[in-house]
Every structure is written in C-alpha cells, then in structure tokens.
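Novice: The structure's right below; bear with me while I get my questions together.
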2 protein chains.
Amino acid sequence: MKIKYSNPSLNQKFQQVKIHSNGLMNRGMLFENELNLSNEYYRIHQKAIIYKKPTPVQIVKVDYPKRSMARIVEAYYQTPSTTDYNGIYRGKYIDYEAKETDNLSFSFKHIFPHQIEHLVNVDKMGGIAFVIIYYRKLEKIYLIDIKPFYQLYLDNLKDDSKKSIKATEIESLGGVSVSRGYTPLIDYLKAVDSYYF
Amino acid sequence: MKIKYSNPSLNQKFQQVKIHSNGLMNRGMLFENELNLSNEYYRIHQKAIIYKKPTPVQIVKVDYPKRSMARIVEAYYQTPSTTDYNGIYRGKYIDYEAKETDNLSFSFKHIFPHQIEHLVNVDKMGGIAFVIIYYRKLEKIYLIDIKPFYQLYLDNLKDDSKKSIKATEIESLGGVSVSRGYTPLIDYLKAVDSYYF
C-alpha cells in the first residue's frame, strides 16, 4: 500500500511553531525555529549538515479514509531518546540540545538527565557536544560545552541550592556568546569554530 | 503546562513493529528492529552511538483529556528529510539508510532521491555514508558505500532497463557482506571497519 505523504512547506513550518507555542511543548519553539532556519542556511551553503530530529510520537491508532492515505487518530508525545540536533561539521560529528528560558537563570529541570548523559557519551567518543541556551530576557545566546555543563550539573546534585545556571556563570565557565545576525539568523558555528577548532 | 510522556519500553518496541508491519510503512520493519537492537548493543558496549530517527509526523490536532496530558487526534506521516540512522563511530560521523526487499533485486524506487542526495553530501563532508540492504529471499545483507551506489543510480537514470540492484552487482561494486550473529544481531560495524578504516 502506498502512503501519501504531506509535503512540508515553509507555511507549515510556521504552523508547527504556532501549534507548539500553544503551551504544548517547551517554550523554546521560536528559538528552535531560528536554529532550524540557520541550519537550512548552513546546508544550502554546504557549511554543515545539521538537522533537528523529529519529535518522537507513539502511534496508537491509524485510520485509512482512503486506500492511499493514513490518518493517525490517536498518538502521544514520547520522551526523546537523545538531543534535538545532530549532524556533521568540518568532518566531525556534532550534537547539541537547544533550550531557552524566560528567567535570568536556566533551570536544570528543563533538560532530561539522559540527554546530558548522551552528550557526555558523544564527547567521550570524540564528537562535538554542547548545550545552546537562549536567555530571552537578556537577549543573549550562549553555547556551553558539555564538560563544564556536566560538572555544574553534578555540583548541583550535591548542592540543593544550586539548581540553575546564570548567563554570567556560563561566561566564567568558558561558554561562548553567540550573536544574532541575518544570514544566518544565529551563526552558532562561529562559536563552535572558536571553541572546538 | 507539563506534558506527561509515555515511557518507551521493549514491549512497546515490538508493538511498534506490529503496527508498522501492518502494511503501513515500508516492509523493512523487522530488519529495522534488528538494526535498532544491534545499535542498542553498540551503545551499551560504548562502541558507537547510533540511533534511528523518529518517523516525522505532522500534527494537526491535539486534545487535552487531562490538564497534564496531550492526546494527538489528527496527524499524518511526513516524508523524512534525511535517512533513517545517524550517529558517531570511531570519532567519525556515520549516516545510512536501511532497506529490505523480498525480490532478488532492490528497486531504486524504494529510496527517495533526496535521501541519496543527503548521503552524497555527507560523503563530501567527510562522513561515512552508505546504504544497507537486506535481500530477504537470499538471506543476505549488504552494505554499499554511497559513491558506487550513486553511480549506479545515475546510470539507472540514463538507462530505463536498469531500475534495480542485484546482490551480485553490489558484490562486484565493492559492497561488503554483513553476517548475522547474536551479539549483536547484525554486526554491520565490522563491515564498516573493513570498508572505511
């Protein structure tokens, strides 16, 4: 049986953003969308091949209103096994999680422990692994390598009062500031160049 | 609003296989499941970090039967942007598409042109890129690098009579045979070692 796929278009991209910003997923969707467009720019200019992974969905029930069409009528969001983004840059494997916060400090509870573990493992294998955080209120974006991030995370497990990271802390840990632009919107690979190469 | 995620379990993995083998997606699901378990084995033994990407789904309508629960009630399968699998192995980026066929020859129509293009681009950037094909009738699995695969694909566009690849052709193009085992079920990284390292 042949399945008719829907064609993703730019229109739909924005539609997805609308759906998600509906309070449904995390509130990082607009930032995510900017990252997606930046990655599209990188791909077109053959600078890197990096994609956001689809959100995993557990499909329970599918209807066939037509022979060639499958309509999912019951499904649930699943916890992602890994991080949001991965791909290849300058011959190396690259893997990261993108987060945004409306607070002055990014809370560790917004990142899954198994996602941190995944990034630690990627780093051990010789890949580039980091977290990119957008502090909306400060209008600042930082890229922080998984090693100092993980260290801070472990410290946090010991000390209950330490449950989040401020932008200034990221700076003192060697995190790199990412500036906004137009082509691409978020040129985070410049920060990757300065930190990893 | 907090979303309650469903917990993926081994049980569910098999359930997914059942759903898919329902004629819904391609018929490669059992082979895919064997690859998934092999990748799990590789991860546990810290040999490689390779995951299957979730099937992309366009979500149209979501209900909230409870405050903390999101139930997707209308969604459609989307064409995947890239390939099924990617990750890191021996410090390198690895990317591949897995296919299986019940015929003696694997038809090119079962692989999307943009997936071939993606693999060609990964190869150009210095990554490991290949197609792994299971010929069910022959009980044979082959790994073929994207370069000879792409060449054959281009030849096929010129010559209408040439629309598929036989196992013997893969062998003559330098494709590597992958043997079945128990730990892991499909030790395709052995074939990767012999071809790429």
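Novice: For the subset of the stretch B:82-129 comprising residues that are closer than 18 Å to A:K52 by Cα and of a type in the set (V, I, T), which member is farthest from the other protein chains (Cβ to nearest Cβ)?
Specialist: Among them, the one singled out is B:T83.
Novice: Mind checking which residues of the stretch B:55-84 are in a loop (DSSP other than H, G, I, E, B) and without any contact (Cβ under 8 Å) to a residue 40 or more places away in the chain?
Specialist: Passing the criteria: B:T55, B:P56, B:T79, B:P80, B:S81, B:T82, B:T83.
Novice: Considering only residues that are basic (K, R) and in contact with a strand residue (DSSP E or B) (Cβ under 8 Å, 6 or more places away or on another chain), which ones fall in the stretch A:31-79?
Specialist: A:R43, A:K47, A:K52, A:K53, A:K61, A:R71
Novice: Looking at the stretch B:45-54, which of the residues that are within 18 Å of B:S81 (Cβ to Cβ) and either within 7 Å of another protein chain (Cβ to nearest Cβ) or without any contact (Cβ under 8 Å) to a residue 24 or more places away in the chain (or both) is surrounded by the fewest Cβ atoms within 10 Å (Cβ to Cβ)?
Specialist: B:P54
Novice: Looking only at the stretch A:81-107, which residues are acidic (D, E), buried (at least 19 other Cβ atoms within 10 Å of the Cβ) and at pLDDT below 95?
Specialist: Hits for the stretch A:81-107 are A:D84, A:E100.
Novice: Can you give me the number of residues within the stretch A:84-117 that are on the phi > 0 side of the Ramachandran plot and basic (K, R)?
Specialist: 1
Novice: When you scan the stretch B:85-197 for strands (runs of 3 or more DSSP E) that lie fully inside it, which ones turn up with 2 or more residues that are touching a strand residue (DSSP E or B) at 6+ places or on another chain (Cβ under 6 Å) and closer than 24 Å to A:S81 by Cβ?
Specialist: Strands (runs of 3 or more DSSP E) meeting the threshold: B:85-89, B:92-101, B:128-135.
Novice: Please determine, by comparing only the residues of the stretch A:89-98 that are of a type in the set (D, E, K, R) and out of contact with any helix residue (DSSP H, G or I) (no Cβ under 6 Å at 6 or more places or on another chain), which one is nearest to A:L119 (Cα to Cα).
Specialist: A:K92
Novice: Using the structure shown, decide if B:I133 is crowded, with 17+ Cβ neighbours inside 10 Å, within 13 Å of the chain's Cα centre (by Cα) and more than 30 Å from A:D123 (Cα to Cα).
Specialist: Judged against the criteria, B:I133 is a match.
Novice: Does A:D145 fit the bill of being within 11 Å of chain B (Cβ to nearest Cβ), free of Cβ contacts under 8 Å to residues at least 60 places away in the same chain and acidic (D, E)?
Specialist: no
The values are calculated or read from the model by the stated rules, or taken from the named source; none is laboratory data. Since we're looking at a predicted model, the values are computed, not measured. Using ideal geometry, Cβ is built from the backbone for each residue, glycine included, and neighbour counts are taken over all protein chains shown.
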